[in-house]
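Readers should treat all values here as calculations from the given coordinates under stated rules, not as data from a laboratory. Here the structure is a predicted model, which means the values were calculated and not measured. Cβ atoms come from the backbone with ideal geometry, glycine included; neighbour counts cover every protein chain shown.
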Amino acid sequence: MILNAVKLPEYKDSAEKKTETPPLPAKVIISLSQNIGAPCEPLVKIGDNVLTGQMIGDSNALISVPVHSSVTGTVEDEVKILSVDGRVSRALVIKTAPLNKMHESIKPPEITDKASFLKAVRNSGSVGLGGAGFPTYVKLSFDKSKTPVNTLIINAAECEPFVTGDYREIMENSRNVFEGIELVMKHLEIPKAVIGIEKDKPKAIALLSDIIKEKNADGITIKPLPLKYPQGAEKILIYQTTGKTIKEGELPLHSGCLVLNVSTVSFLAEYMKTGVPLITRRLTIDGDIVNNAKNIFVPVGTPLEELIKSANLRKTPDRIVFGGPMMGFSAYDMQTPVTKTTGAVLFFGEFNKTTESACIRCGKCIHVCSMNLSPYELNTAYDANNIPLLRRLKVNLCMSCSACSFVCPAKRNICEKNQLAKQLLKENKS
Amino acid sequence: MNKLIIEPNPHIRSDNSTKQIMLTVIIALVPAMLASVIIFGARAALLISICVGSCVLFEYLFRKMFKKSRTIGDFSAIVTGILLAFNLPVTLPLYMAVIGSFVAIVIVKEMFGGLGQNFANPAIVGRIVLMLSFPAQMSNYAVPFYYKDGFDAVTTATPLSAESPDQIPPMLDLFFGKHGGSLGETCSFALILGFIILLVMRIIRPATPLILVGTVALGTFVFSGFNTDETLFAIITGGLLLGAIFMATDYTTNPMTLKGKIIFAFGCGLIALVIRQLAGMPEGVAFAILTMNIFTPVIDKITRPKPLGMKDSKTVKEAEASKKDGAGEVKNDVKGEVKNNVKKEKNNEQS
């Protein structure tokens, strides 16, 4: 079966440029809730001096990872911020000191067995760098007797337009990518790995296959994916690489699959060598009013106003997006900080605001839905407040890839309505 | 700093729009429009303008009267107007064309809620109402190129109602539209050109027209005792191509999935065939499409795609049932064990 998908424009102008490192920002705003899971409690007080890499927040909750300071400086304030995806969280404002000094705790972790490996993964502060931001150590701590995982799937699809961070990671740190994959395979006893990557990245594919050949790693294969959106969505990627369909309500683990982002495994390899936790983030800076599209390394917590400085814009933006253009969020506050899961910041000035018109029943939304849903019908069911129908049509399977909204000639916000419908179902549990 | 636009994802949109789709359809209709003017003279152009003008005007007035948003900018009324004119003979009194436009736009389209909400193709219903109300005028077909001889329109019959083979003009003439018929249906060449435009611009999929025409062709082939001439004749005369290419493919009134479109087109072809072969009318495509329009919601329902990895309610129920059974077994086991233990204890006590 060939899954439905949509062809998107690429706009990957930043792909062949080496990642730059702009000067440190004057202050960082580090959210204590960077990822899916429980927010952290601050470990430092206002007025404390912190060093780069120092743990400044942690939590005892099952699904949580610590947060580290990304700069050397002084904790100025604790504020409440509204993140771009609508969550309210506490955040620490740290004023950057001129001298960057690493915290003394930073040294390569000692790995002896699986338990110490998982502990190190947690301490690294690692979360899924693809965008969803699920804590990596939670993903890795599965019970092998219940869910025998036999395939590690590496998500290097990067199907969103503009975004090139994962591609740059492969091009600049292909050794780390390889070592990270081997590391996870070794400690979790996973026999084989598949790297799913869109086939318009032949250089990255060649680089990785050379290393695989050189190291004689028979267990690792590369699966070139078609140039269609959304190849990088977890369920779609699993289908494309293994042919398995994830059943409704089940996790990939139940089908023996573990999916990790390529930048995540690369970071893990780097952490095991240096012990520097997840405090810098590679960002793609692009958009139709950006003169010089590029990737930059910024400390986690860099506020948007600092990013604009290094963006070199042609005119004032009227739309700023955190994340890719398909699944990213509109930013509305110049203080919005970069989090561990921000992969791109896009500046637009010439895309018009869309106005909805009447649905003409063209059926394009149905033809592009990878999950085989009927977005048109879901929307009418939501408008009619028909909860049983929404349930029967499986609106809960919508992964908000927004391919339907993209193709809609009437410019209807179909995907948004699906999210509202999901919320409606949550509020009206049978 | 100007105000930032806050919108839900996606933040980029495809280039296609309703207006652009309608414009492409209009462009695809241009060859047939030119052909109709060449074949039937200036009055064809007048009739088309009257239909388009009245359709747009009716839509504007209706929406204004009911305080709805203005929608004539999406060009869909223009498409309806052209299609309606294509279904009329060149000799039709102009006021009848206006009545047709009223039926199409006000009754069929706007009263059901406007663009995208109508269950039947407006132009087709306009044609059918006119056909039933003014049967004589609606079958008053003009002889092609009558205007060259300086005559007023001389009328003829559509070749579909020809009784003997001698009345049938040569096939090539038929193909280029040199025969009686309504404005837009005679020139097969121009219609096929329009079909190619629609395909290249990816406005329609080839399935609906091909299956519809294929069904009629195959059926005629069989009914006529495997006569290729008669089959070809059935395809290029009458409203079959016009209906199959421009009316059966109307987004709003045909099913949305490919499977649905195949069922729809096959149904149209079958009904058109039955009407042509068995009923007393020379032409059945309009009725066939209208009938299948009515089936569209049902077809949509039965051809709904199955969500990826979906657990249908049946399997969910089974799973729950087996869980319950499983739990029951465990309980029984526990009970059994407890009983055994009690027995053992009793035995111990006894001993």
Problem set entry | Selected from A:227, A:92, A:420 as most flexible by GNM, with chain A as the system and alpha-carbon contacts under 10 Å | A:420
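Exposure proxy check: B:141, B:95 ranked by fewest other beta carbons within 10 Å? Provide the component values of the computation, followed by the final result.
Values: B:141 24, B:95 10.
The order, fewest Cβ neighbours first, is B:95, B:141.
Which of the chymotrypsin sites (Phe, Trp or Tyr not before Pro) across the stretch B:173-281 are loop residues per DSSP, with 13 or fewer other Cβ within 10 Å? Let's see the in-between values first.
Details: sites: B:175, B:176, B:189, B:195, B:221, B:223, B:226, B:233, B:246, B:251, B:264, B:266; in loops: B:176, B:226, B:251.
Passing sites in the stretch B:173-281 are B:226.
Rg(Cα) of the stretch A:1-113 divided by 2.2 N^0.38 Å? Walk me through the numbers on the way to the answer.
Details: Rg = 18.5 Å, N = 113, 2.2 N^0.38 = 13.3 Å.
It is 1.39.
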For this session: Take chain A, connect every pair of alpha-carbon atoms lying under 10 Å apart with a spring to form a Gaussian network, then pick out the residue of A:216, A:123, A:312 with the largest mean-square fluctuation.
Result: A:216
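Can you give the calculated 222 nm mean residue ellipticity of chain A, where each DSSP H run of n ≥ 4 adds -39,500 (n - 2.57) and the sum is split over every residue, rounded to the nearest 500 deg cm²/dmol? All intermediate terms of the calculation are to be shown ahead of the outcome.
On the way: 13 runs with 119 residues, N = 430.
When only DSSP H runs of four or more count, the value is -8000 deg cm²/dmol.
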Exercise. Under 20 Å Cα-Cα from residue A:223, which lysines qualify once same-chain neighbours fewer than 8 residues away are excluded?
Worked result: A:7, A:192, A:199, A:201, A:203, A:213, A:215, A:235, A:244
Exercise. Please state the Cα pair-distance histogram of the protein assembly as shown with 10 angstrom bins from zero: what percent is in each bin?
Worked result: 2, 12, 18, 18, 15, 12, 10, 7, 3, 1, 0, 0, 0
Problem set entry | the stretch A:114-274: projected area of the alpha-carbon convex hull, averaged over directions, in nm² | 8.9
For this session: Mind listing the lone cysteines of chain A, meaning no other Cys beta-carbon sits under 4.7 Å from theirs?
Result: A:40, A:159, A:257, A:359, A:362, A:369, A:398, A:401, A:408, A:415
For this session: Starting from the Cα of residue B:229, step 7 Å along the direction of its Cβ; do the same at residue B:26; then give the gap between the two resulting points in nm.
Result: 4.3
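Only counting other Cβ atoms within 10 Å, I'd like A:77, A:383, B:250 sorted with the fewest neighbours first. All intermediate terms of the calculation are to be shown ahead of the outcome.
Values: A:77 13, A:383 10, B:250 25.
Result, fewest neighbours first: A:383, A:77, B:250.
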Seminar exercise, completed: The rounded separation in angstrom of the Cα centers of the stretch B:277-312 and the stretch B:10-29 is 25
Seminar exercise, completed: Counting every C-alpha pair in chain A, the percent lying more than 29 Å apart is 47
Exercise. Which length gain, in nm to one decimal place, applies between residue B:106 and residue B:207 when the Cα-Cα distance is subtracted from 0.36 nm times their residue separation?
Worked result: 33.3 nm
Exercise. In whole Å, what is the distance between the alpha-carbon centres of the stretch A:89-163 and the stretch A:187-256?
Worked result: 19
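If the stretch B:18-302 were replaced by its equivalent ellipsoid, with semi-axes equal to the square roots of 5 times the Cα gyration tensor eigenvalues, what would those be, largest first, whole Å?
Working: eigenvalues 152, 112, 54 Å².
Semi-axes (√(5λ), whole Å): 28, 24, 16.
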For this session: May I ask for the percentage of alpha-carbon pairs in the stretch A:230-383 that lie more than 21 Å from each other?
Result: 62
Exercise. For B:55, A:408, A:415, what ranking results if the residue with the fewest other Cβ atoms within 10 Å of its Cβ goes first?
Worked result: A:415, A:408, B:55
Exercise. In nm, what is the difference between 0.36 nm times the number of residues separating residue B:69 and residue B:57 and their Cα-Cα distance?
Worked result: 2.9 nm
Exercise. What FRET efficiency comes out for the pair residue A:112/residue A:147, r = Cβ-Cβ distance, R0 = 22 Å, nearest 0.05?
Worked result: 0.35
Exercise. Pairs A:45/A:340; A:114/A:426; A:411/B:261; A:228/B:68: which exceed 28 Å Cα-Cα?
Worked result: A:114/A:426; A:228/B:68
For this session: Write out the trypsin sites (Lys or Arg not before Pro) in the stretch A:36-123 meeting two conditions: DSSP loop, and at most 16 other Cβ atoms within 10 Å of their Cβ.
Result: A:45, A:87, A:101
